[in-house]
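Only one structure is covered here, and it is reproduced in the block below.
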Amino acid sequence: MTSGEMAVDTAVLARLAGALESAAEAIEEIDTAPAFRHAAEGLAGSDTAAAYAAGADRIAAGVRAIGSRVRVMSQIAATNTARYDDAEAGNRGLLASAGGA
């Protein structure tokens, strides 16, 4: 789409949306628990093991939040793709009805 001085390649934007969605899925599948569990088991009874146990849930929540934010980015890119395509189709219709290209 070209509007004034701005050109948008909606095919590239659509591919970006798909790539971001794939990234979000991959991030959300990351299981951080085993690393924390193994470290805590190896240091059983220590302050370090307690810190690992306390931090495990926070790290897992952080990873899920990152996946969610990447998914939102994907949705924004997909929505913008549709909006640009709709605007381009509308502009073509207006130009055609006015005798333009």
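The values are calculated or read from the model by the stated rules, or taken from the named source; none is laboratory data. The shown structure was predicted, so the numbers you read here are calculated from the model rather than taken from an experiment. Every residue, glycine as well, gets a Cβ built from its backbone with ideal geometry; the counts of neighbours run over all protein chains shown. Heads up: the accessible areas ignore ligands, DNA and RNA and are worked out on the full protein's heavy atoms, side chains in. Shrake-Rupley method; radii C 1.70, N 1.55, O 1.52, S 1.80 Å.
Scan the stretch 63-98 for residues that are in contact (Cβ under 8 Å) with a residue 12 or more places away in the chain and charged (D, E, K, R) and the total you get is 4.
Number of residues in the stretch 70-84 that are open to solvent by less than 70 Å² (accessible area, probe 1.4 Å), in contact with a helix residue (DSSP H, G or I) (Cβ under 8 Å, 6 or more places away or on another chain) and not β-branched (Val, Ile, Thr) equals 6. If you check Asp57 against the conditions, is it without any contact (Cβ under 8 Å) to a residue 60 or more places away in the chain, surrounded by fewer than 15 Cβ atoms within 10 Å (Cβ to Cβ) and either in contact with a strand residue (DSSP E or B) (Cβ under 9 Å, 6 or more places away or on another chain) or not in a helix (DSSP H, G or I) (or both)? Considered against the rule, which asks whether it is without any contact (Cβ under 8 Å) to a residue 60 or more places away in the chain, surrounded by fewer than 15 Cβ atoms within 10 Å (Cβ to Cβ) and either in contact with a strand residue (DSSP E or B) (Cβ under 9 Å, 6 or more places away or on another chain) or not in a helix (DSSP H, G or I) (or both), Asp57 comes out as no. Just to check your reading of the model, which residue among Ala49, Ala44 is of a type in the set (A, V, I, L, M, F, W, C) and part of a helix (DSSP H, G or I)? So the residue among Ala49, Ala44 that is of a type in the set (A, V, I, L, M, F, W, C) and part of a helix (DSSP H, G or I) is Ala49. Pull up the stretch 86-100, narrow it to residues that are open to solvent by 70 Å² or more (accessible area, probe 1.4 Å) and either of a type in the set (D, E, K, R) or touching a Leu at 6+ places or on another chain (Cβ under 6 Å) (or both), then point me to the one that is nearest to Leu13 (Cα to Cα). Applying the filter and picking the extreme gives Asp86.
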